[in-house]
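The values are calculated or read from the model by the stated rules, or taken from the named source; none is laboratory data. Given the structure is predicted, the values throughout are model-derived calculations rather than measurements. Positions of Cβ are backbone-derived with ideal geometry, glycine not excepted, and every protein chain shown enters the neighbour counts.
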Amino acid sequence: MKRIIPVVVAFLLGWLVAMLLAGTPYAGDIQRAIGPGTIAQLQTPWGMRAAFAPFWESWQLVDAIFYDRVRIDHSRMIRGAVDGMLATLDDKYTFYQEPDKAAQTTDDMSGRTAGIGIFLRITDGHAYVWKPIPNAPAQQNGILHNDEILAVDEKDVASLIVGKSVDDAATTLGALIRGKKGTIVTLVVQTGQQALRTVVITRDDIILPSVDWQLLDGDIAYIHISEFKRNTPDVLADGMREFRQAPLRGYILDLRQNPGGLLDSAQRVLGFFYDGTALWEQRQAGALIELKTTPMNLDTPLVQAPLYILVDERSASASEVVAGALRDRYPGTILVGQKTFGKGIVQNIYPLSNGGTIRLTISQWLTPNKTLIHGIGLQPDYTVPDDPKAPAESPCVANRQPEKGFVLCRDPQLKTVLGMIR
């Protein structure tokens, strides 16, 4: 008899877990009867059950006894647990993203999304249009820079974002404004002190800009990369093809305020300039792994010309990979501006079953000459502050606009490079 009882218990336990994992019609009833914490603990690997026991005991106590039932939110409890676990790593670049934020990050990094084509700015509990994307539905329907967004599909924006961080507020609002191509979103907006107006906009596929270029006077190719998205190298290829037609005296690659992005995108951008080592990666074992540039086929070779790279304290991560690699490997490369941010580590994004993601640091990287830059940054060959009082003597590039009454812009860093080339 004593031998039969353990067998029966084991059978029943096995049946219970099988019922739950199989998603039978009875699974929900069983979960409600014995509690979600118990179910999860049954699925915890045997070797970790003792370690996880305090967590699930705490969960069960809260779930069964806490007096204010309205305040129990299992999703927030799980997020708090995951955030707490990742915080013990003491790495600000390792973090969890909720499903809405994760979806927006995926869209942003792909360089494409479906929506109306605006960038948001959240200030003091108010939402503004920071920048409408040229020729996107928002701009075509009269949405302007600094318009305040008061309502989205009859939902009051102020009440939606009250008490939220700037990042969480932008995520919440962005999730409402974005949507499938062909669907409609209705905004209530205000321009300055003018009367409120209701704008009905049909969403469309949007290419998120990350590259722009122009040929400056003196046959100088100017390239600005704001972020390394998945489609950045393909868009850059169009500019490079145009530059092949000119007798260039130099390239200017502007990576100022570029926070980075995808490492493979940086490798592809480097492939426009040379074939070889892009960086060295160092993982857990400590050995260095060589990562190479990815050649980009432009049918004919690029014009060989001196390369000047503009950087500042907000040039980080993938932009530092590119700047450091070109200085090490592309002959005649000169860095101008201010010391870069110093983010010399790499993250991968791992999807979770709930649609969220974990961004996890997996390695540190070194330049092709095996220079470590994490926490140090890249020191430019010529240090030039971006002086807001400098004379307006430079062409207006990227997002820079001339002050009222001026044609040129204040840009001492660009002016310094132009002086070197000319």
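Any residue in region 364-384 that is touching a residue at least 60 places away in the same chain (Cβ under 8 Å) and closer than 15 Å to residue 330 by Cα sitting within a Cβ distance under 9 Å of a residue that is among the acidic types (Asp, Glu) and surrounded by fewer than 22 Cβ atoms within 10 Å (Cβ to Cβ)? List the pairs, counting only those 6 or more apart or interchain. So the pair list comes out as 367/328; 368/290; 368/328.
Is there a residue being closer than 26 Å to residue 346 by Cα, surrounded by fewer than 21 Cβ atoms within 10 Å (Cβ to Cβ) and at pLDDT 95 or above anywhere in region 244-254? No - not one qualifying residue is present in region 244-254. Could you tell me whether residue 113 is under 20 Å from residue 262 (Cα atoms), out of contact with any Phe, Trp or Tyr (no Cβ under 6 Å at 6 or more places or on another chain) and modelled with pLDDT under 90? The answer is yes for residue 113. Could you please find all residues in region 328-384 being small (Gly, Ala, Ser), in a loop (DSSP other than H, G, I, E, B) and in contact with a strand residue (DSSP E or B) (Cβ under 8 Å, 6 or more places away or on another chain)? Passing the criteria: 332, 344, 356.
Candidates are the residues of region 280-310 that are under 20 Å from residue 320 (Cβ atoms) and of a type in the set (Asp, Glu); the one that is nearest to the chain's Cα centre (by Cα) is 281. Evaluation of residue 114 against the conditions (1) of a type in the set (A, V, I, L, M); (2) out of contact with any Leu (no Cβ under 9 Å at 6 or more places or on another chain); (3) under 30 Å from residue 375 (Cβ atoms) shows that the sole unmet condition is (3).
Residues in region 201-247 that are among the aromatic types (Phe, Trp, Tyr) and more than 23 Å from residue 297 (Cβ to Cβ): 222 only.
Of all residues being free of Cβ contacts under 8 Å to residues at least 60 places away in the same chain and among the basic types (Lys, Arg) in region 302-355, which is surrounded by the most Cβ atoms within 10 Å (Cβ to Cβ)? Just the residue, please. So the residue we want is 327. Of the candidates 93, 67, the single residue that is outside the structural domain of residue 261 (by TED's automatic domain parsing), in contact (Cβ under 8 Å) with a residue 24 or more places away in the chain and among the hydroxyl-bearing types (Ser, Thr, Tyr) is 93. Helices (runs of 4 or more DSSP H) fully within region 43-144 that include at least 3 residues being surrounded by 11 or more Cβ atoms within 10 Å (Cβ to Cβ) and out of contact with any helix residue (DSSP H, G or I) (no Cβ under 9 Å at 6 or more places or on another chain): 74-87, 99-110, 137-140. Scanning region 170-189 for any residue that is in a strand (DSSP E or B), over 19 Å from the mean Cα position of the chain (by Cα), within 27 Å of residue 400 (Cβ to Cβ) and of a type in the set (A, V, I, L, M, F, W, C) turns up at least one such residue. Which of the residues belonging to region 315-346 are more than 15 Å from residue 228 (Cβ to Cβ), of a type in the set (A, V, I, L, M, F, W, C) and over 22 Å from the mean Cα position of the chain (by Cα)? Across region 315-346, the qualifying residues are 334, 335, 336.
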